[in-house]
4 protein chains.
Amino acid sequence: MGIQKLQVGMAGLGRVGKFHAMNFLQHTPRAELVAAFTPDPTEIAWGRVNLEPHGVTLYDNYDEMLKHPGLQAVAIGTATSVHAEEAIKAIEADLHVLCEKPLSIHIDVCKAVVAAAKKKPHLKVMCGFSRRFDESYREVHSKIEQGLIGRPSIIRSQTCDKLDPSGFFVEYAAWSGGVFVDMAVHDIDLTLWFFGDDIIPKSISAHGITAVQPELKKHKDYDNAVGIVEFQNGKIAYYYCSRMMAHGQEDTTEIIGTEGKLAVNNNPQRNLVNYYHSGGITREVPPNFMGRFGPAFVQEANDFTAACLDNTPLPMKLTNAVKAVEIGAYLQEALVTGKQLHFDEIGRRIEKAQL
Amino acid sequence: MGIQKLQVGMAGLGRVGKFHAMNFLQHTPRAELVAAFTPDPTEIAWGRVNLEPHGVTLYDNYDEMLKHPGLQAVAIGTATSVHAEEAIKAIEADLHVLCEKPLSIHIDVCKAVVAAAKKKPHLKVMCGFSRRFDESYREVHSKIEQGLIGRPSIIRSQTCDKLDPSGFFVEYAAWSGGVFVDMAVHDIDLTLWFFGDDIIPKSISAHGITAVQPELKKHKDYDNAVGIVEFQNGKIAYYYCSRMMAHGQEDTTEIIGTEGKLAVNNNPQRNLVNYYHSGGITREVPPNFMGRFGPAFVQEANDFTAACLDNTPLPMKLTNAVKAVEIGAYLQEALVTGKQLHFDEIGRRIEKAQL
Amino acid sequence: MGIQKLQVGMAGLGRVGKFHAMNFLQHTPRAELVAAFTPDPTEIAWGRVNLEPHGVTLYDNYDEMLKHPGLQAVAIGTATSVHAEEAIKAIEADLHVLCEKPLSIHIDVCKAVVAAAKKKPHLKVMCGFSRRFDESYREVHSKIEQGLIGRPSIIRSQTCDKLDPSGFFVEYAAWSGGVFVDMAVHDIDLTLWFFGDDIIPKSISAHGITAVQPELKKHKDYDNAVGIVEFQNGKIAYYYCSRMMAHGQEDTTEIIGTEGKLAVNNNPQRNLVNYYHSGGITREVPPNFMGRFGPAFVQEANDFTAACLDNTPLPMKLTNAVKAVEIGAYLQEALVTGKQLHFDEIGRRIEKAQL
Amino acid sequence: MGIQKLQVGMAGLGRVGKFHAMNFLQHTPRAELVAAFTPDPTEIAWGRVNLEPHGVTLYDNYDEMLKHPGLQAVAIGTATSVHAEEAIKAIEADLHVLCEKPLSIHIDVCKAVVAAAKKKPHLKVMCGFSRRFDESYREVHSKIEQGLIGRPSIIRSQTCDKLDPSGFFVEYAAWSGGVFVDMAVHDIDLTLWFFGDDIIPKSISAHGITAVQPELKKHKDYDNAVGIVEFQNGKIAYYYCSRMMAHGQEDTTEIIGTEGKLAVNNNPQRNLVNYYHSGGITREVPPNFMGRFGPAFVQEANDFTAACLDNTPLPMKLTNAVKAVEIGAYLQEALVTGKQLHFDEIGRRIEKAQL
C-alpha cells in the first residue's frame, strides 16, 4: 500500500467533534484518523465504542495527543474558548491544523493564531467555514467569476436555526460572542468570498429582539437580529440571524449584481419529496446545519487533506477567518450599543461627529 | 355611447352557467348580458336576485329567449345532452354561439352542429375549451411556434379533480360519456393545438380502475384512467384522468420536443403564499377548475365577443371540438373493452389481425 | 336597470392613470367611469380614442371635472405633487376619493388631507396601497389572524424593480421623495398591516449605494437601499429596495412569527410555464408592478366602489398612508445622513446622546 | 485494528464499474476493495493508476480474481451479457454478490441466478436498483407505510436521460433488451416496492416512437416509449422512458393514493442555486444518473456491506429483480408487437379472444 495517508488527530468529541471524527474516519479516503482527544469522560466512552476499534488512540490530554507517533495534522472541534490555544500548540508541534470556526471570539486571540501560522509557512492552517465547501455556494462563486451577474453589489444572507425549545442557546450565549459572531460569521465569510476579501467596512448598523428567549438579555444577546454592513467600495451586505425557525434550518444567500442575481437555498428542502394532501403540498426542511451542510463538511475534510498531502494552497485564507470575526464583533457592538459604527477608507473607526 | 356591445343570452344557470353569466355580465366590457334561460325554478330564483336587477331578462323557455329583441349571441352552459340541439337552434336563429364543451358525447350529434354552422359561415360558433384561453398554455403555444423545443413529440397531460366525497360523479357518469370524454377531452384538445389538428391516431390503449367509487362500474366508468394515443406521424400523447386528488385540482401538461420541453403547472399553487411550520413548508392548491382556470373563462368570453363584433377568426376550429370528443370516445372504448384500437393512415379503424 | 353604479371621475391619464381608468371602465361592474381629467394633450388624445367612445367626458381642467353632473367619486392618479391638493378639492366637493400612493412626500401635506377627510366622515377617502388588495397578501393576513405563526416578530420585505435602462428614474428621483418613500412605502404599509398600525418606531438605520446610476446622487437618492426599523414592542422590519433587477419585478415579503413563517412571492413567476432546455429549467418573471399586481388594482377599484355604494368601512385607514410615508421619510433621512434615528416610547425623536 | 472489513472484488471497470470501485475504495468504511477484474487493457491501465496504489490487485481473468485470498464478496459491473454467468460463478465460489441491474435481459437466465443463490442461503446476493437506496425514495416508502396517502393506486414513473448526441445508445440497443428492460426496469422495481412485490399484471400496453434516432428501428427499439401496466388488484402503473431530454436526467415518480400523493423529483435540480437573469430564473439539472443517484450508489455499497458482515437481511429480494425484468420484457413485447398483453389471475398469459 504505497499510498500515504494523512495521519490526523481529532481534538474534541462533542457534537461537531464527533461529526468531524467520523468524517475523517470514514469519508476522507486520503486521511487516517489515528488519534482523538477529549477531556470529557462521556466522550471518551463514546470514543471507546466508535473510534478505538478502528485503531484510533484516545487521549484525555491534548498535549499528549500532539505527541502521537507520526501525527501530521490536528482537527480542532473543542469549545471555542480553547480553539486558539490548541491551534497554536499544534502549529508549534509542526502539525497542520483544521480548526472549527471561530478561532476565537476575541480578535487579538485570533491574530495570535495567524501570527503563529505565519512563522510556519509550510503548514496548512485553516479555519473551516463549511459553506466554502458546499457545492451550491461553489457554483455561485464560479458563476460570479464568469461574470454572469455583472458586478456583485448587494448580498443578503441569513443563518436561521430551528428553534431549540430546550433554550440551550441561552447559556451558550454567555460565551458564543453573540449572534453575529456565532451565526452571521458564516454570512460574513461568504461576503468576503463573493465581494473580495479586501473589502473595508464604511458603516455598520444592527438591531435585535428577544422574541422567544428574553433571558438572552442577561448575556446581551438576541434571538433575532438584523444588521447592515456598508462597504467603502459601494457594496452592501445585510444579514439576518435567528434561532426561532419553526420549520428547520434555513440558510439563504442572495448575491445581487448589476446584471443578475444568484440565490442559494431560496426553497429549503430536506430531499426531493413533495407530499400532496388535503391541506396542500408540503416539503420538509433539514432540521439543522448537518442536514444542510453535511456533505460540505466531508468536502472540507477532503480538501484540507489534499492540501496537506500535496502542499497545494488552501481554499481560504486564515486571515479571512479573523476578518469575519472582526466584522461580526462590530455588528454585535452596533447591536448591543444601539449605535451606528463608522470607518474611514482604510478601515479605522471614526466617530460620526468627525465626519 | 357609440360603442356597440354584443347582446348575449345565456342558456343554463347551473354551476358553469352561472359562472359564464357573471363573466358576460361583469368581466366582458364589449358584451352585454341581456337574457338568460333556465328551465330550473331554483336557477330562475337565482337569476331574479343576481341578473334581473342588471337588466337581464329571464326565460324558462329556450326558444323564447332566442327571440329576445336584438339578441346577437348565445352562450350555452346547460346539460351536455341538450348542447347540440340548443346550438343548432341558435345557429338557425342566426345567432353566434359559444357552447360549453362537449357539443355532445355522440360524434354524429357533434357533426350535426358542425354541419349547421357550415351553412352560416358568417356566424361565430365555438365550443369552448378553456385551456386555449389560459395565459400559460398560450405562452407554451407561442414558444412552440418559436421553435424553442424543436419538434414536439410527446405530450403528457392530465386532468385531475379534487375528490368530491359526495360521490356526485357516480350519477354524473351515467351521461358524461366517461372520464376520457368528460375530462381528458381537454388534454386531447391541447394535443390538437400543440401537435396540429390534422394528426391522425395510429393506435390507442387505455386502462382504468375504480379506486374510490366502485359504483362507477355500473356506468362502465372509472375514477382513475390512463390512456395512450400514438399518432401516425411519430408522436405520442398520454393522458391521466382522476377524480381522486386529495389536494385540489391538478391539471398538468408537458410537451416534450426533440430540443426541449415545456411544462404547465408542474407546481400547482393557489397563490404566491408559502406557509413554513414545524412540519415543513406548505402551499395550497386551487380546489377546482374555476380556481385554476377562472381568468381563462373571462378571456374566452372576451375573445368570443371580439370575434363576433369584429368578424375576426375564432381562436379554435369547431371541427377540433368534434375530433377531441372522437379521440376521447376511442380512448373510452379502449378502456371499457380492454382492447387496443388501431387505425390506418387516413384514420379508419382496422383490426389488428389485418395488420 | 335598477342598479345604481358609482359615478367615477379619473384624474390623470399617465401610466398608472390609464390603468385605473381602464379598470373602472371595464373591470369594476358596480362603477361607471363618467369623466376623466388630464392637463396633457397627448393623454387627452388617448382618452378620445379609448374613453370618449364609452361615454366618458374628458376634461383638461380638474375643477371642471369635479362639477361633472352626478359625479360621486374621484380616482387620483396624477403626479404625486398634486395628489393632496386634488384630494382635498374632491373632498370639499363632497366626493369620495381613491388616491394613488403617496398622498404626498411631505408629512404635513399628508396630514392636511387627513384633516379634510375628517371633516366629512360620510366620505370614503382611501390612499391605495395595492398589496392590501392582493390575494396572496390577504391570505397571509388571514393566516396571521388565525394565529398560524404565533406572534409576528420580524418582517423582511422588498420592492425591487426591473432595471429601466433609460435611466428615467434619475429624473424621477428629483421629486419621488427617495427610494424609501417611493418604493419601500409599500413594504412599510404591509408592516402596519401585519404588525398593527399602532406600532411605534424605536430606532431606524439605513444604507444605500448607487450601483447602476451614480447620477442619483445629485438628488440624494440611491438605486439600492437597505433599511431596518426596530419597533418599541420588540418587533423588527427590514427592507430592501432596488431599481436594478435584471429579471423583472420581485416584491417579496416574509413575516416571521414565534411559531412559523409566511412568505409571499419567494418564487417569482409570470405564469405557470417552465421551459426545459440545454441550459436548465427557466421560468419568467413579471416585468413590472402591473404584471405582478394587476388583479390587485382591479380588486382595489371594486372594493373602493363597494365601500362607497354600501357605506361599509374601507379596508385601510387613511392615517396609515400618512404613517407609512412618515416612516419612509425617516428611513430616507437615515439613509442620506448616515445617522441612526432614535425615538422614545411615544414616538418622539430623541438624540442618542440623550439615551 | 480489530475491525473486520468486507473483502470485495470488483468485476468490470467501465463507466459504472469505475464508479462502484471508487465507492468501495473510498466511501464504504466497512469494506475494503482488494481486487478488480477487467478484460479490457484500457481499463486495466486505469486500474494501475487509480486502484493498484491503494493495494487493489488487478486481474484480467475473472476466475482468477475469484481465488483472491480472503475475498468475501464480488461486485459485478461488467456488460449485462455476462452478469449472470459471473454471478453464478461467484456464488459457487461461496462469495456474496452485488450485481448491477439487470441480472440478464433473458428471464430464464435471471432465474438461473436465483436458483444458484437459493442453494447458498448464507450468501447475500443482490441485484442493485439504485433508487431503493435513494433518500427521497426511502422517505416516500416510509410515508406510504405510515398510511399518509391511503391505498397506493396509481404510479407514474419515468426514466429520462439527457440526449447523448453521439448516438451511442443505438448500438447499445442491440443488446440492452430495449428501453423498457434497460430504463423502465427501475420504475418497475419502484412499483414492486410501493405496490408490493406480489402484484400480478392484468394487462399491458405500450407505444413508442423514434423521434431523434430512427436507426433504433433496426434493433426494434425506440427513443421514447410509454407503457401502462394494469395489475390484478386494481392498481395501475404507467411509465415513460426517453433518451431525448435536452436539460439533463429527469427521473420522476408519483405515487397516488386514495388519500394523498407523494412525488419524487417533480422539480429536478442539480443543487440549490437559482440564477436570475434578463430571461428569467434558471436552475440546472443533473446531467446523468450519477449526478442524480450518486449518493444512492454509496448507500447501496454500504448497505450491502453491512448485510454481508452482520448477516442481516438485504433491503430487496433477488426475485424482484427477475420480476422487474419480466414485466419490462412484457412491456417491450407490447411495444414491438403493437399488441395489448393479457394475464389471468395468477399471472399466466392469455389471449384476449379467450376472455
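Please enumerate the residues belonging to segment C:242-277 that are closer than 27 Å to D:THR282 by Cβ and in contact with a Gly (Cβ under 8 Å, 6 or more places away or on another chain). Outline the logic, then answer.
At the first step, the residues of segment C:242-277 found to be closer than 27 Å to D:THR282 by Cβ are C:242-254, C:261-277.
Hits for segment C:242-277 are C:ALA246, C:HIS247, C:GLY248, C:GLN249, C:PRO268, C:ARG270, C:TYR275, C:TYR276, C:HIS277.
For segment C:1-20: of the residues being within 14 Å of another protein chain (Cβ to nearest Cβ) and under 17 Å from B:HIS27 (Cβ atoms), which is surrounded by the most Cβ atoms within 10 Å (Cβ to Cβ)?
C:LYS5
Can you tell me which residues in segment C:99-142 are within 14 Å of another protein chain (Cβ to nearest Cβ) and open to solvent by 20 Å² or more (accessible area, probe 1.4 Å)?
Matches in segment C:99-142: C:GLU135, C:ARG138, C:GLU139, C:HIS141, C:SER142.
With (1) crowded, with 24+ Cβ neighbours inside 10 Å; (2) touching a His at 6+ places or on another chain (Cβ under 9 Å); (3) aliphatic (A, V, I, L, M) as the list, and D:ALA173 as the residue in question, which single condition is left unmet?
(1)
Pick out the one residue from D:GLY294, D:GLY347, D:GLY328 that is in a loop (DSSP other than H, G, I, E, B) and open to solvent by less than 40 Å² (accessible area, probe 1.4 Å). Steps first, answer last, please.
Values: D:GLY294 fails: in a loop (DSSP other than H, G, I, E, B); D:GLY328 fails: in a loop (DSSP other than H, G, I, E, B).
Being in a loop (DSSP other than H, G, I, E, B) and open to solvent by less than 40 Å² (accessible area, probe 1.4 Å) holds for just one of D:GLY294, D:GLY347, D:GLY328, which is D:GLY347.
Are any residues in segment A:258-307 acidic (Asp, Glu) and within 7 Å of another protein chain (Cβ to nearest Cβ), and if so, which ones? Walk me through how you get there before you give the answer.
Initial filter on segment A:258-307 (acidic (Asp, Glu)): A:259, A:284, A:300, A:303.
Once the filter is applied, which keeps residues that are acidic (Asp, Glu) and within 7 Å of another protein chain (Cβ to nearest Cβ), segment A:258-307 yields A:GLU259, A:GLU284.
Quick check, is D:ILE155 in contact with an Asp or Glu (Cβ under 9 Å, 6 or more places away or on another chain), within 14 Å of chain B (Cβ to nearest Cβ) and not basic (Lys, Arg)? Spell out how you get there, then give the answer.
Details: in contact with an Asp or Glu (Cβ under 9 Å, 6 or more places away or on another chain): yes; within 14 Å of chain B (Cβ to nearest Cβ): yes; not basic (Lys, Arg): yes.
The answer is yes for D:ILE155.
Can you tell me which residues in segment D:177-217 are touching a residue at least 40 places away in the same chain (Cβ under 8 Å) and basic (Lys, Arg)?
Residue satisfying the conditions is D:LYS202 alone.
Pull out all pairs, ordered by first then second residue, where Cβ-Cβ is under 9 Å, the residues are six or more apart or on different chains, the first lies in segment A:57-84 and is without any contact (Cβ under 8 Å) to a residue 40 or more places away in the chain, and the second is open to solvent by 10 Å² or more (accessible area, probe 1.4 Å) and of a type in the set (Asp, Glu).
Going by the 9 Å Cβ cut-off, the qualifying pairs are A:LEU58/A:GLU52; A:ASP60/A:ASP40; A:HIS83/A:GLU100.
Can you name the residue in segment D:312-325 that is touching a residue at least 40 places away in the same chain (Cβ under 8 Å) and not in a helix (DSSP H, G or I) and is also least open to solvent (accessible area, probe 1.4 Å) among such residues? I'd like the intermediate steps shown before the answer.
First, the residues of segment D:312-325 that are touching a residue at least 40 places away in the same chain (Cβ under 8 Å): D:314-325.
Checking which are not in a helix (DSSP H, G or I) leaves us with D:314-317.
Numbers: D:LEU314: 39, D:PRO315: 58, D:MET316: 13, D:LYS317: 112 Å².
The residue in question is D:MET316.
Which of the numbered conditions does C:MET183 fail, given that it passes all the others? Conditions: (1) open to solvent by 30 Å² or more (accessible area, probe 1.4 Å); (2) of a type outside the set (S, T, N, Q); (3) touching a strand residue (DSSP E or B) at 6+ places or on another chain (Cβ under 9 Å).
Only one criterion in (1) open to solvent by 30 Å² or more (accessible area, probe 1.4 Å); (2) of a type outside the set (S, T, N, Q); (3) touching a strand residue (DSSP E or B) at 6+ places or on another chain (Cβ under 9 Å) is unmet by C:MET183, namely (1).
Among the listed residues C:ILE255, C:ILE236, C:ILE228, which satisfies the condition of being open to solvent by less than 10 Å² (accessible area, probe 1.4 Å) and either touching a Cys at 6+ places or on another chain (Cβ under 6 Å) or within 11 Å of chain B (Cβ to nearest Cβ) (or both)? Please lay out each step first, then the result.
Details: C:ILE236 fails: either touching a Cys at 6+ places or on another chain (Cβ under 6 Å) or within 11 Å of chain B (Cβ to nearest Cβ) (or both); C:ILE228 fails: either touching a Cys at 6+ places or on another chain (Cβ under 6 Å) or within 11 Å of chain B (Cβ to nearest Cβ) (or both).
Residue meeting the stated conditions: C:ILE255.
Would a scan of segment C:301-309 turn up a residue that is in contact with a strand residue (DSSP E or B) (Cβ under 6 Å, 6 or more places away or on another chain), in a loop (DSSP other than H, G, I, E, B) and surrounded by fewer than 22 Cβ atoms within 10 Å (Cβ to Cβ)?
Within segment C:301-309 (the criterion being in contact with a strand residue (DSSP E or B) (Cβ under 6 Å, 6 or more places away or on another chain), in a loop (DSSP other than H, G, I, E, B) and surrounded by fewer than 22 Cβ atoms within 10 Å (Cβ to Cβ)), the answer is no, since none of the residues qualifies.
Does segment A:251-262 contain any residue that is farther than 23 Å from A:ARG138 by Cα and touching a Leu at 6+ places or on another chain (Cβ under 9 Å)?
Applying the first criterion (farther than 23 Å from A:ARG138 by Cα) to segment A:251-262 yields none.
Taking every residue of segment A:251-262 in turn, none turns out to be farther than 23 Å from A:ARG138 by Cα and touching a Leu at 6+ places or on another chain (Cβ under 9 Å).
Would you mind finding the one in D:VAL113, D:VAL140 that is touching a helix residue (DSSP H, G or I) at 6+ places or on another chain (Cβ under 6 Å) and either modelled with pLDDT of 95 or more or outside any loop (DSSP other than H, G, I, E, B) (or both)?
Working: D:VAL140 fails: touching a helix residue (DSSP H, G or I) at 6+ places or on another chain (Cβ under 6 Å).
Matching residue, one of D:VAL113, D:VAL140: D:VAL113.
Against the definition (buried (at least 18 other Cβ atoms within 10 Å of the Cβ) and within 14 Å of another protein chain (Cβ to nearest Cβ)), how does B:ALA31 come out, yes or no? Steps first, answer last, please.
On the way: buried (at least 18 other Cβ atoms within 10 Å of the Cβ): yes; within 14 Å of another protein chain (Cβ to nearest Cβ): yes.
Against the criterion (buried (at least 18 other Cβ atoms within 10 Å of the Cβ) and within 14 Å of another protein chain (Cβ to nearest Cβ)), B:ALA31 qualifies.
Looking at (1) assigned to a helix (DSSP H, G or I); (2) open to solvent by less than 40 Å² (accessible area, probe 1.4 Å); (3) aliphatic (A, V, I, L, M), find the lone condition where A:ILE281 falls short.
(1)
The values are calculated or read from the model by the stated rules, or taken from the named source; none is laboratory data. Fair warning: this is a prediction, and the values are worked out from it, not measured in the lab. Quick reminder, even Gly has a Cβ in these numbers, built from the backbone with ideal geometry, and neighbours come from all protein chains shown. With ligands, DNA and RNA removed, areas are computed over all heavy atoms of the protein, side chains included. Shrake-Rupley method; radii C 1.70, N 1.55, O 1.52, S 1.80 Å.
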